[in-house]
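Q: My questions all concern the structure below.
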Amino acid sequence: MLPDMAAGCSMADMAAIDQVEDAWDAMGELIDVDRVIPVTYINSAASLKAFCGRHGGVVCTSSNAAAVLEWAFARGERVFFFPDQHLGRNTAKGMGVPLERMPVWDPYADEFGGLAAATVEASKVLLWKGHCSVHQMFQRSHVDQFRQQIPGVKILVHPECPMEVADAADIQGSTGRIIREVETAPAGTKWAIGTELHLVNRLKAEH
């Protein structure tokens with residue numbers, strides 16, 4: 001439910017149902033889509049969730065993404081993950097999937113998401129070219145800057161951040177984990193948190 005019907009999510013808007021269906025049909029020319037498990041992040045349109053349901057897929061959150069991918073890998077040869085490429089990449093990388101087996105499908109490319117047939121065939125996770133506009137702003141240089149400015153600081157980021165940021169952080173985790181880490185941190189601990197500003201301000205005020 002949306003209390004404000006004008007509200008939206010830029011990431012959700014990056015994957016329209018017609019684009020996803022077109023991508024699925026194109027994949028079907030190269031691979032057996034019956035062995036592809038579609039996974040959509042919960043921050044997506046209801047039509048994409050329904051698409052996953054029709055094709056034996058599932059909806060994930062940032063907290064259960066690894067468990068969902070494990071479930072999907074047990075049921076298919078590869079995963080089609082949308083709309084957030086960073087969450088998909090960071091989660092799958094943490095599970096040991098090589099980067100070269102996680103190509104990005106660009107819905108605006110001329111053919112096959114801009115990918116060679118061999119790349120699609122060799123894939124383990126096909127990532128949609130989408131991202132969260134908030135988390136996309138965080139850069140590796142920000143991590144380095146905070147470490148230089150605040151000795152002993154702990155860097156905690158959401159897995160919607162780019163891989164370079166997540167890899168450089170001390171901890172990457174869901175919104176729930178971010179909250180728990182701060183709540184259980186020893187007094188005097190210093191944190192730099194890469195996620196949505198309202199949550200950071202709330203944690204700052206409470207702790």
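Just so it is clear, none of the values below were taken in a lab; they were calculated from the coordinates. All values reported here derive from a predicted model rather than from experimental measurement. In this analysis, Cβ positions are derived from the backbone assuming ideal geometry, glycine residues included, and neighbour counts consider all displayed protein chains.
Q: Give the range 121-154 a look and list any residue that's within 26 Å of residue 74 (Cβ to Cβ) and of a type outside the set (Asp, Glu), or say none.
A: Answer for the range 121-154, where residues must be within 26 Å of residue 74 (Cβ to Cβ) and of a type outside the set (Asp, Glu): 122, 123, 124, 125, 126, 127, 128, 130.
Q: Sticking with this one: Which residues, counting only those in the range 193-207, are surrounded by 11 or more Cβ atoms within 10 Å (Cβ to Cβ) and of a type in the set (A, V, I, L, M)?
A: Across the range 193-207, the qualifying residues are 193, 199, 200, 203.
Q: Now a separate question. Check the range 75-91 and report whether any residue there is free of Cβ contacts under 8 Å to residues at least 60 places away in the same chain, surrounded by fewer than 16 Cβ atoms within 10 Å (Cβ to Cβ) and farther than 15 Å from residue 36 by Cβ.
A: No: zero hits.
Q: Give all pairs with beta carbons closer than 6 Å in which a residue from the range 125-138 that is closer than 15 Å to residue 48 by Cβ meets a residue that is aliphatic (A, V, I, L, M) and part of a strand (DSSP E or B); count only pairs at least 6 apart in sequence or on separate chains.
A: 127/104; 129/104
Q: Exactly one condition in (1) among the hydrophobic types (A, V, I, L, M, F, W, C); (2) more than 23 Å from residue 79 (Cβ to Cβ); (3) free of Cβ contacts under 8 Å to residues at least 12 places away in the same chain; (4) outside any loop (DSSP other than H, G, I, E, B) is not met by residue 118; state its number.
A: With (1) among the hydrophobic types (A, V, I, L, M, F, W, C); (2) more than 23 Å from residue 79 (Cβ to Cβ); (3) free of Cβ contacts under 8 Å to residues at least 12 places away in the same chain; (4) outside any loop (DSSP other than H, G, I, E, B) applied to residue 118, the lone miss is (2).
Q: From the residues in the range 103-131 that are hydroxyl-bearing (Ser, Thr, Tyr) and surrounded by 14 or more Cβ atoms within 10 Å (Cβ to Cβ), which one is nearest to the chain's Cα centre (by Cα)?
A: So the residue we want is 123.
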